[in-house]
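Below is one structure, written out as structure tokens, with a few remarks after it.
No value in this document is a laboratory result; all are computed from the given coordinates. None of the values given here were measured: they were computed from a predicted structure. For neighbour counting, all protein chains shown are included, and Cβ atoms are generated from backbone atoms with ideal geometry for every residue, glycine included.
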Amino acid sequence: MNRSAKIALLVAGAVLACVLAVCGVGLALRDWVPGLTGCEDVNKPTKGAVVTQKVRIEQMWPQLAPIQQVHWQEHEARARSCPEIGPMDYVMDGFAVITAERAGALPATTAATPPEVPDDLRPFAPADPHWLKVDGTTLLLDKASSTVYFTHTTD
């Protein structure tokens with residue numbers, strides 16, 4: 001091998017070592033980078049407080065009115081990324097206690113799988129519910145407690 005080939009091989013090896021070093025440092029600092037670039041360091045979707053206002057729920061699902069009691073919460077559909085790529089979707093989950101007459105009038109006959117209830121809403125869930133799917137909606141009804149579980153995702 002002549003001198004030029006050896007120098008070219010040495011330079012190529014040095015460049016490769018530098019690239020690997022930069023990648024290694026980048027991987028080592030990946031958890032710090034969002035904070036260094038001004039982005040929030042969020043690994044989980046953020047969530048709001050539990051809300052007890054009936055008006056919004058009665059507007060979204062008028063067939064539930066009059067609601068006796070409601071507990072709902074909104075949270076981001078996914079953890080934030082940095083940089084932020086596009087608008088965030090939000091998920092609203094909650095329980096609404098309706099009148100026994102209204103619960104009896106809802107068309108719900110098909111058994112449904114129990115929903116994955118967010119931790120903050122579990123204290124408001126009925127004891128030992130038997131969820132039925134309300135026909136034509138995403139609502140779930142427990143007739144024994146007249147409780148409706150609702151979930152809504154923004155598009």
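Would you please give the FRET efficiency between T153 and Q53, computed as 1/(1 + (r/R0)^6) with r the Cβ-Cβ distance and R0 = 25 Å, to the nearest 0.05? Provide the component values of the computation, followed by the final result.
Numbers: r = 20 Å, r/R0 = 0.78.
With a Förster radius of 25 Å, E is 0.80.
Counting other Cβ atoms within 10 Å of each Cβ, which trypsin sites (Lys or Arg not before Pro) in region 65-155 have at most 12 and sit in a DSSP loop? Don't skip to the end; give the middle numbers.
On the way: sites: R78, R80, R102, K133, K143; in loops: R78, R80, K143.
Those that pass, being in a loop and sparsely packed, are R78.
So, in nm, how far is label V22 from label H130 when the simple model puts each one 7 Å beyond its Cα toward the Cβ?
Result for the modelled spin labels: 6.6 nm.
Taking 0.36 nm per residue of sequence separation and subtracting the Cα-Cα distance, how much length would be gained by fully extending the chain between T138 and A5, in nm to one decimal? Can you show the working numbers first?
Details: separation 133, 0.36 × 133 = 47.88 nm, distance 6.95 nm.
The T138-A5 span can extend by a further 40.9 nm.
Just to be sure I understand: if I project the alpha-carbon convex hull of the chain onto a plane and average over all orientations, what area do I get in nm²?
Values: hull surface 61.0 nm².
So the Cα hull casts an average projection of 15.2 nm².
Between A79 and T99, what's the calculated FRET efficiency when r is the beta-carbon distance and R0 is 35 Å? Round to 0.05. Working shown, then result.
On the way: r = 39 Å, r/R0 = 1.11.
That pair, A79 with T99, gives E of 0.35.
Counting only C-alpha contacts under 8 Å and six or more residues apart, can you give the relative contact order of the chain as a whole percent? Please list the in-between numbers first.
Working: 219 pairs, mean separation 29.0, N = 155.
19 percent.
Kindly express, to the nearest 10 degrees and within the range 0 to 90, the angle between helix 3-28's C-alpha long axis and the longest C-alpha principal axis of the chain.
The answer is roughly 30 degrees.
Could you give the length gained on full extension between T110 and D89, defined as 0.36 nm per residue of separation minus the Cα-Cα distance, in nm?
On the way: separation 21, 0.36 × 21 = 7.56 nm, distance 2.91 nm.
Net length gain for the segment: 4.6 nm.
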